[in-house]
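Presented below is the structure to which this report refers.
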Amino acid sequence: MKKIMPFLFSLFVVSVPLSVYTQRNAPNLPNYDQKRFHFGFVLGINHANFTIKPQSNLNPFDSLLVVTPGGMAGFDIGIVVNMHLGNYFDLRFIPALSLIDRMVKYTLKYRADLVGTETQSIESVNLDFPLLFKFKSSRMGNVRFYVVSGAQYSVDLATRSKKRTNSNEIFLKLAAGDLQAQVGVGIDFYLQYFKFAIETKMSFGTGNLLKNENNMFTNSVQSLRSKTFHISFLFEG
């Protein structure tokens, strides 16, 4: 998250002058919001992580001291289908492909004077199917602010949930499907030929993704839920 903060500041520095510029000029696309449907595409980056709940007592796992999640950056690309419901409401379907990297770190005590970590890295290729309601402010010149909320179902195409392991290979397995709640905010900019938006959004998994394999890595964790931060750039015609 520390790496994302400078990026958010850069977005703020760019969006404020753009907002001022678009409001000083004549309204672009004056009939845009009267159309029933709009289509476009989205490009974005994500920072995926887990909400983890370790077992309350790790003593049965011998040398295991702490279990912690770790987040990494990824990439999103998708298409936008927007249905106009009223002056302040839209319904949006934005199927997307998301490349996601996450990890779980296990801190182990090998000897009294030696502590190390074992990292389980998890790479996912998700097909995302979000259905969102968009609540819009009044248009101010060529700018609108908005809030989105809804739900998303993700299918991991790279899941290892059914992969067989041998005695020398132990790794975390996650369920292929994940239902997530989503909430976010954004700014629409009405440009001369299309509408451009900058959006930030959080996704929170509602179910436990962990598949129990009866080993230290899974038995030491009660639940593992997804948590992803998105920064998206949307282009709509």
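Couple of notes before you dig in:
- The lone exception for ASN28 - which of (1) modelled with pLDDT of 90 or more; (2) under 27 Å from GLN182 (Cβ atoms) it fails: (2)
- The residues on offer are ASP33, ASP76, and the sole one that is at pLDDT 70 or above, surrounded by 13 or more Cβ atoms within 10 Å (Cβ to Cβ), part of a strand (DSSP E or B) and out of contact with any Phe, Trp or Tyr (no Cβ under 8 Å at 6 or more places or on another chain) is ASP76.
- Taken over region 52-73, the criterion of being within 13 Å of the chain's Cα centre (by Cα) and either crowded, with 18+ Cβ neighbours inside 10 Å or over 19 Å from THR200 (Cα atoms) (or both) is satisfied by GLY71 alone.
- Any hit, region 192-209, residues being in contact with a helix residue (DSSP H, G or I) (Cβ under 7 Å, 6 or more places away or on another chain) and either assigned to a loop (DSSP other than H, G, I, E, B) or at pLDDT below 95 (or both): no
- Residues located in region 100-124, provided they are in contact (Cβ under 8 Å) with a residue 60 or more places away in the chain and β-branched (Val, Ile, Thr): ILE100, VAL104
- Qualifying residue in region 133-141 (condition: of a type in the set (A, V, I, L, M, F, W, C) and out of contact with any helix residue (DSSP H, G or I) (no Cβ under 9 Å at 6 or more places or on another chain)): yes
- Hits in region 130-148 (condition: in a strand (DSSP E or B) and of a type outside the set (A, V, I, L, M)): PRO130, PHE133, LYS134, PHE135, LYS136, ARG144, PHE145, TYR146
- One residue alone among GLN182, GLN222 is among the polar types (S, T, N, Q), assigned to a strand (DSSP E or B) and surrounded by 14 or more Cβ atoms within 10 Å (Cβ to Cβ), and that residue is GLN182.
- Out of LEU65, LEU127, one residue alone is out of contact with any Leu (no Cβ under 6 Å at 6 or more places or on another chain), within 26 Å of GLU236 (Cβ to Cβ) and either free of Cβ contacts under 8 Å to residues at least 12 places away in the same chain or in a strand (DSSP E or B) (or both). It is LEU127.
- Considering residues of region 114-136 that are surrounded by 14 or more Cβ atoms within 10 Å (Cβ to Cβ) and among the polar types (S, T, N, Q) only, the residue modelled with the highest pLDDT: ASN126
- Scoring ALA151 on the criteria (1) in contact with a Phe, Trp or Tyr (Cβ under 9 Å, 6 or more places away or on another chain); (2) among the small types (Gly, Ala, Ser); (3) in a strand (DSSP E or B) leaves a single failure, condition (1).
- Subset of region 137-149 (residues that are without any contact (Cβ under 8 Å) to a residue 60 or more places away in the chain and crowded, with 19+ Cβ neighbours inside 10 Å): ARG144, VAL148
- Residue satisfying condition, being farther than 29 Å from PHE50 by Cβ and among the acidic types (Asp, Glu), within set ASP101, ASP90, ASP128: ASP90
The values are calculated or read from the model by the stated rules, or taken from the named source; none is laboratory data. Remember, it's a predicted structure, so these values are computed and weren't measured experimentally. Note: ideal-geometry Cβ built from the backbone for every residue, glycine included; neighbour counts use all protein chains shown.
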